Amino acid sequence: MAVILDGKLTSAKVRERIKNEVDALPEGARRPGLAVVIVGDDPASHVYVRNKKKGCEEVGFLSREYALPESTTEEELIALVEELNRDSEIDGILVQLPLPRHLDDKKVIEHIDPSKDVDAFSYHNVGRITVGDYDFLPCTPAGVMELLHEYNIDVSGKNAVVVGRSNIVGKPQALLLLQANATVTVAHSKTKNLSEVTRGADVLVVAIGKAKFVTADMVKEGAVVIDVGMDRDENGKLCGDVDFEGVCDKASYITPVPGGVGPMTITELLKNTLTSYKRRNNI
Ligand code: NAP
């Protein structure tokens, strides 16, 4: 039976450390500030934004939410982003994605000052991550690395397989594992003999968005299995991309869904905001 990589517990520990740093700021000093911009009425996005706000409050950050109507134009959204770039109380700007169809995600993100781009989605920050010289890491892959670190799982020299190659999870995850000296393979929907590839993994990270897709026969005995997926099973219950029940007996470590990678993501966002604050204040 695998050891459960507890994202809730790890996240609480990291948040505690962030809160301690905020509590130790001199009296009267401004707090780190995060601005979250959301456009439209997507219910899932509103839940994410609420959780980000809750996270900020928990660690003592200033949190500002800008909920804009679906009808917002690109010019209006970019004008708000530029105003936040100039705002001295704001260290991090997050534009909740996906934006409504008539708005260009990439164009909007490119207007965020890279030093306040705490999601690390801008070309500038992606480039810096690629060469291993960065201030911020994208939150979900960074959360995975933090979990591995918390449980003393060293990936150096191990075969790591990342299934999924999205710009926000799979690709940056592969880069971070590579920077941690793993030998990395990236698999995707065109990969042939996927089971054979995944069975070669000492560390398997799955981020595809398909409920319980990875089954026990696709996993090597003793592998570390990280499930990034957030899916719904046939009964509408939240589950991951990995068939947890089946894989649990084979893996050495595994993340549950919920309670694994999910809680780490917002915590990494808070970490990035604190990093930005410190840089801005020469701390
Ligand atoms: P995405 O942009 O839809 O990318 C999915 C990736 O999976 C693509 O690269 C796709 O390959 C690959 N894929 C799809 N079907 C496959 C298959 N049958 N075999 C192999 N590869 C396959 O998704 P994403 O944004 O990376 O998200 C992935 C999952 O993680 C989702 O469930 C999402 O909800 C979850 N997520 C969780 C968090 C968190 O905080 N826990 C954060 C972000 C995302 P191609 O490139 O070839 O199409």
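See the values below:
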{"read-out": "Residue match in the range 177-192 (condition: of a type in the set (D, E, K, R), within 9 Å of the ligand (Cβ to nearest atom) and more than 22 Å from Gly127 (Cα to Cα))", "value": "yes"}
{"read-out": "Any hit, the range 151-164, residues being away from the ligand (no atom under 12 Å from the Cβ), touching a Pro at 6+ places or on another chain (Cβ under 9 Å), polar (S, T, N, Q) and under 23 Å from Val205 (Cβ atoms)", "value": "no"}
{"read-out": "Filtered residues of the range 18-49 (kept if exposed (fewer than 13 other Cβ atoms within 10 Å of the Cβ) and assigned to a helix (DSSP H, G or I))", "value": "Asn20, Asp23, Pro43, Ala44, Val47"}
{"read-out": "Selection status of Val228, surrounded by 15 or more Cβ atoms within 10 Å (Cβ to Cβ) and more than 10 Å from the ligand (Cβ to nearest atom)", "value": "no"}
{"read-out": "Count - residues of the range 187-207 that are within 20 Å of Leu147 (Cα to Cα) and surrounded by fewer than 21 Cβ atoms within 10 Å (Cβ to Cβ)", "value": "1"}
{"read-out": "Close pairs (9 angstrom Cβ cut-off, 6 or more residues apart or separate chains): of a type in the set (A, V, I, L, M, F, W, C) in the range 114-132, surrounded by fewer than 22 Cβ atoms within 10 Å (Cβ to Cβ) and part of a loop (DSSP other than H, G, I, E, B) anywhere", "value": "Ala120/Tyr134; Ala120/Asp135; Phe121/Leu97; Phe121/Asn167; Phe121/Ile168; Val126/Asn167"}
{"read-out": "Search result, residues across the range 121-140 that are at pLDDT 95 or above and among the small types (Gly, Ala, Ser)", "value": "Ser122, Gly127"}
{"read-out": "Residues (more than 9 Å from the ligand (Cβ to nearest atom) and more than 15 Å from Phe121 (Cβ to Cβ)) located in the range 260-278", "value": "Thr267, Leu270, Lys271, Leu274, Thr275, Tyr277, Lys278"}
{"read-out": "Verdict on Tyr123 being among the hydroxyl-bearing types (Ser, Thr, Tyr) and within 26 Å of Lys13 (Cβ to Cβ)", "value": "no"}
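Let's see how each residue does on (1) of a type in the set (Asp, Glu); (2) modelled with pLDDT of 95 or more; (3) farther than 20 Å from Met145 by Cα:
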site: Lys8; (1), (2), (3): no, yes, no
site: Ala12; (1), (2), (3): no, yes, no
site: Pro26; (1), (2), (3): no, no, yes
site: Ala35; (1), (2), (3): no, yes, yes
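The values are calculated or read from the model by the stated rules, or taken from the named source; none is laboratory data. None of the values given here were measured: they were computed from a predicted structure. Counting neighbours? That spans all protein chains shown, and the Cβs are built from the backbone with ideal geometry, glycine included.
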